[in-house]
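One structure is given here, and the rest of the page talks about it.
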Amino acid sequence: MISVIIPTYNEEKNIENCLKALSNQTLPRNKYEIIVVDGGSKDRTVKIARKYADKVILQKSEGVGGARNDGVKLAKYDLIATTDADCIAPRDWLERIVINFENKDIVCVYGQQKPLENTFKNKISLKLSNIFIFFAYFFNIYLTVGANMAFRKKPFLSVGGYKSYSAGDDFELPLRLKKKGKIKHDPKMKILFSMRRYDEDGILKTLMNWILNIINEKYNLNLNIKKYNKKCYKYWNLKLEN
């Protein structure tokens, strides 16, 4: 059985399609739970999420990594999958994840991305990215993406979960998890990934911003740069309204 964690913040345009896909998996619905962790949305995100998710909670920890940590703490099951509110999972996504974890030595598995906005530019961009991810794996470089990964709950909690970084938190996590077991890259574990940020800001500008955010976090440079997080995942201590 598996728990799926989705952070949200003002995602009313995307969350329903995401949750519909997750509710229509080849894995029987009673074999998994869906947990939405909301960062204080001002739109209809929470109302929509409640139609499909087993749990909708208000985020308590800072950052998108903190939102995922909040979800993991409430998860019922040992296997945890994470994705984003603007992604669409194929029908066999969860089943494929479960099959990978039949190997008890594996603590984390991650896949590849296909563009949701299926333009030629986006297809080429993600194709090159996926090739890089594939070859990096053979050099023990794990380019995991929080939109398409899964891990075991106990090892995840034992290494402290996600760090509260504005970028690169999903790349940093396997550096600690690999001490607990094997990290696997499954190129057939695909998800439709929204390229909206790349379309808005341009691929080179977005990648440069991502790199600068990682450098800023790693070396505590306090650079005055735009935060990479798609949304301003805030720190809230309030209760969800009924």
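The values are calculated or read from the model by the stated rules, or taken from the named source; none is laboratory data. Model, not experiment: these values are computed from the prediction. When we count neighbours, we look across all protein chains shown, and the Cβ atoms used for this are built from the backbone with ideal geometry, even at glycine.
Please go through region 82-92 and give me each residue that is in a strand (DSSP E or B) and either in contact with an Asp or Glu (Cβ under 9 Å, 6 or more places away or on another chain) or free of Cβ contacts under 8 Å to residues at least 12 places away in the same chain (or both), ordered by number.
Of everything in region 82-92, just one residue is in a strand (DSSP E or B) and either in contact with an Asp or Glu (Cβ under 9 Å, 6 or more places away or on another chain) or free of Cβ contacts under 8 Å to residues at least 12 places away in the same chain (or both), namely THR82.
In region 111-152, which residues are more than 23 Å from ASN14 (Cβ to Cβ) and among the polar types (S, T, N, Q)?
Hit for region 111-152 is ASN140, nothing else.
Looking only at helices (runs of 4 or more DSSP H) that fall completely inside region 120-194, which ones have 1 or more residues that are more than 19 Å from CYS87 (Cα to Cα) and either acidic (Asp, Glu) or in contact (Cβ under 8 Å) with a residue 60 or more places away in the chain (or both)?
Filter on region 120-194 gives 153-158, 169-177.
Within region 155-179, track down each residue that is of a type in the set (D, E, K, R) and either crowded, with 21+ Cβ neighbours inside 10 Å or modelled with pLDDT of 95 or more (or both).
Scanning region 155-179 gives ASP169, ASP170.
Does ASN24 satisfy the criteria of being out of contact with any helix residue (DSSP H, G or I) (no Cβ under 9 Å at 6 or more places or on another chain), closer than 25 Å to PRO187 by Cα and surrounded by 18 or more Cβ atoms within 10 Å (Cβ to Cβ)?
In short, no.
Quick check on ASP38: is it within 13 Å of ALA85 (Cα to Cα) and either touching a Leu at 6+ places or on another chain (Cβ under 8 Å) or surrounded by fewer than 17 Cβ atoms within 10 Å (Cβ to Cβ) (or both)?
So ASP38 passes the test.
Before we move on, is LYS42 part of a loop (DSSP other than H, G, I, E, B) and at negative phi?
Yes, satisfied.
Go through ILE34, ILE6, ILE99 for me and flag whichever is in a helix (DSSP H, G or I), within 21 Å of PHE156 (Cα to Cα) and hydrophobic (A, V, I, L, M, F, W, C).
So the residue among ILE34, ILE6, ILE99 that is in a helix (DSSP H, G or I), within 21 Å of PHE156 (Cα to Cα) and hydrophobic (A, V, I, L, M, F, W, C) is ILE99.
Here is a yes/no grid of residues against (1) under 14 Å from the mean Cα position of the chain (by Cα); (2) part of a strand (DSSP E or B); (3) touching a residue at least 60 places away in the same chain (Cβ under 8 Å); (4) on the phi < 0 side of the Ramachandran plot:
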| residue | (1), (2), (3), (4) |
| --- | --- |
| ALA21 | no, no, yes, yes |
| ALA53 | no, no, no, yes |
| VAL56 | no, yes, yes, yes |
| SER61 | no, no, yes, yes |
| GLY66 | yes, no, yes, yes |
| ILE80 | yes, yes, yes, yes |
